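Here the structure comes first, spelled out in structure tokens, and everything after it is commentary.
The values are calculated or read from the model by the stated rules, or taken from the named source; none is laboratory data. Small disclaimer: the values here were computed from a predicted structure and weren't measured. Glycine gets a Cβ as well: all are built from the backbone with ideal geometry, and neighbour counts include every protein chain shown. Calculation scope for accessible area: heavy atoms of the full protein, side chains included, ligands and nucleic acids excluded. Shrake-Rupley method; radii C 1.70, N 1.55, O 1.52, S 1.80 Å.
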Amino acid sequence: MKATLIHGGSDIRVEEVPDPVLSERTDAVVRVLLSCICGSDLWGYRRPGPREGGPARIGHEFLGVVEEVGADVTTVRPGDVVIAPFTWSDGTCVHCRAGVHTSCVHGGIWGNGTDGGQGEAVRVPYADGTLVAAPVGPDDERLTALLALSDVMGTGHHAALAAGVGPGSHVAVIGDGAVGLCGVLAAHRLGAERIVLLGRHEDRIAIGRRFGATDVVPERGDDAVARVQELTDGIGLPHVMECVGMQSSWDTAVAIARPGGTVGYVGVPNGLDDGLPIRAMFSNNVAVRGGVAPVRAYLPELLADVLAGTIDPSPVFDLELPLDGAPEGYAAMDERRAIKTLLRP
């Protein structure tokens with residue numbers, strides 16, 4: 001079968017790899033219908049030179065059809081369309097039972113010593129604890145929206161919950177990538193009254209407004225802070241969603257949070273050179289909550305809303321390519337010619 005491998009900086013290849021097979025009684029083999037490229041996949045792509053440890057499978061967002069299950073699997077069966085969250089988990093350990101599936105004592109992330117999602121098929125460990133069956137067929141027009149539940153929609157939802165968003169909330173969302181845009185949609189779903197999107201790309205802003213953004217701040221740094229202060233009569237916002245993970249976005253997030261406010265963060269912290277602005281957080285009683293999103297915990301309720309037509313995160317996929325086009329998909333996202341690339345094996 002074909003799968004995407006990362007060989008190093010700017011070096012993505014689609015190559016032949018062995019077909020997946022069941023190795024444990026709790027496994028399933030899933031034939032991939034759709035997968036996609038995540039912004040976090042770009043960190044390795046942007047790192048110059050060959051990949052340490054050699055080429056590796058990549059991709060952690062996919063959905064597909066169950067082909068085969070191990071003898072102990074009971075919740076999914078061959079023929080089911082299933083969504084795979086970006087980490088696999090047993091569903092029974094103390095952390096899974098607490099809703100923090102990303103810290104499963106037996107779990108892991110796709111491509112990190114296991115099959116990657118950007119391929120034609122995947123061996124899924126702990127299928128019962130990982131996969132969520134969707135009552136749809138393999139040709140359902142909602143599959144693209146359902147794919148977003150494997151990561152970005154659940155991650156945006158996590159940011160909103162961590163920031164304390166609820167009915168009537170006034171919220172800022174920092175970042176107009178796929179996660180930030182899904183954060184706008186999540187805040188709107190939770191009943192936010194005012195959603196200020198900090199972003200500067202017109203195509204992304206258009207999706208943000210479609211998802212529920214009421215205000216847009218295209219400025220950055222001190223200018224962005226001044227603009228938000230102007231919009232809020234100098235008070236700031238009680239709920240801030242940090243969806244980037246860079247030093248500048250963190251500085252802005254804390255600066256625009258009103259005293260007593262909360263920053264919900266999901267941006268992968270790859271650019272925090274100076275650390276968190278602790279003094280500003282201390283002075284203004286700004287709370288910080290968030291981290292890696294336990295998407296498996298959120299999947300059932302978000303799945304129900306997609307099927308009911310309440311939410312549709314599919315517009316974040318603005319480039320669709322065959323699996324062989326994965327190298328172009330990475331280049332397009334790296335060069336900001338695409339928000340998020342959909343791969344169809």
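Below is a table of values for the structure above.
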{"read-out": "Carbon plus sulfur fraction of accessible area for region 300-345, probe 1.4 Å, in percent", "value": "48 percent"}
{"read-out": "Qualifying GluC sites (Glu not before Pro) for region 1-81 [loop in DSSP, other Cβ within 10 Å: at most 16]", "value": "E24, E52"}
{"read-out": "Percent carbon-and-sulfur accessible area, region 133-201, ignoring ligands, DNA and RNA, probe 1.4 Å", "value": "51 percent"}
{"read-out": "Mean Cβ count within 10 Å, highest first, over the residues of peptides 183-190, 153-160", "value": "153-160, 183-190"}
{"read-out": "Region 199-345: relative contact order in percent, alpha carbon pairs under 8 Å with at least 6 residues between", "value": "15 percent"}
{"read-out": "G271 long-range amide H proximity, modeled H, under 5 Å", "value": "Q247"}
{"read-out": "Gyration tensor (alpha-carbon) shape descriptor, region 244-345, a/c threshold 1.5", "value": "oblate"}
{"read-out": "Carbon plus sulfur fraction of accessible area for region 1-116, probe 1.4 Å, in percent", "value": "49 percent"}
{"read-out": "5 angstrom amide H check on V124, placed H, neighbours 5+ away", "value": "A28, V29, V30"}
{"read-out": "Near-label residues of region 1-39 by backbone N, under 15 Å of a point 7 Å along Cα→Cβ of N270", "value": "6-12, 37-39"}
{"read-out": "Accessible heavy-atom area order of I6, I109, highest first, probe of 1.4 Å", "value": "I109, I6"}
{"read-out": "GNM top mover of L197, L33, L42 - the chain, alpha-carbon springs below 10 Å", "value": "L42"}
{"read-out": "Simple label model, 7 Å out from Cα along Cβ direction - M281 to N112, nm", "value": "2.2 nm"}
{"read-out": "Convex hull volume per residue for region 224-291, taking Cα atoms only, in Å³", "value": "72 Å³"}
{"read-out": "Å² per residue, accessible surface of region 206-278 at 1.4 Å", "value": "46 Å²"}
{"read-out": "Spin-label model distance (nm) - R13 vs R337, 7 Å beyond Cα toward Cβ", "value": "2.2 nm"}
{"read-out": "The chain, relative contact order [Cα under 8 Å, separation at least 6], %", "value": "18 percent"}
{"read-out": "Protection-proxy order for peptides 320-327, 264-271, each taking the mean of Cβ atoms within 10 Å per residue, highest first", "value": "264-271, 320-327"}
{"read-out": "Accessible surface, region 116-165, averaged per residue in Å² (probe 1.4 Å)", "value": "25 Å²"}
{"read-out": "Segment S23-I235, extension gain: residue separation times 0.36 nm, minus the distance between their alpha carbons", "value": "70.6 nm"}
{"read-out": "Mean ellipticity per residue at 222 nm, deg cm²/dmol - from DSSP H runs of n ≥ 4 across the chain, formula -39500 (n - 2.57)", "value": "-8000 deg cm²/dmol"}
{"read-out": "Built amide H within the under 5 Å cut-off of G8, gap 5+", "value": "R51"}
{"read-out": "Phi to ³J(HN,Hα) by Karplus 6.51 cos²θ - 1.76 cosθ + 1.60 over region 245-255, Hz, x for Gly, Pro", "value": "x, 9, 4, 5, 6, 5, 4, 5, 4, 5, 5"}
{"read-out": "Residue-by-residue Karplus 3J(HN,Hα) for region 88-96, coefficients 6.51, -1.76, 1.60, Hz, glycine and proline x", "value": "9, 8, 7, x, 10, 5, 4, 6, 4"}
{"read-out": "Mean Cα-pair separation over length for region 52-171, i.e. relative contact order, pairs under 8 Å, 6 or more apart, %", "value": "30 percent"}
{"read-out": "DSSP bridge orientation in the chain - percent antiparallel, rounded to nearest 5", "value": "55 percent"}
{"read-out": "Residue-by-residue Karplus 3J(HN,Hα) for region 55-66, coefficients 6.51, -1.76, 1.60, Hz, glycine and proline x", "value": "x, 8, 4, 9, x, 10, 10, 7, 9, x, 10, 5"}
{"read-out": "Bins of 5 Å, starting at 0 and running to the largest distance - Cα pair percent for region 1-112", "value": "2, 11, 16, 21, 20, 15, 9, 4, 1"}
{"read-out": "Quarter of Cα convex hull surface for the chain, i.e. mean projection, nm²", "value": "16.5 nm²"}
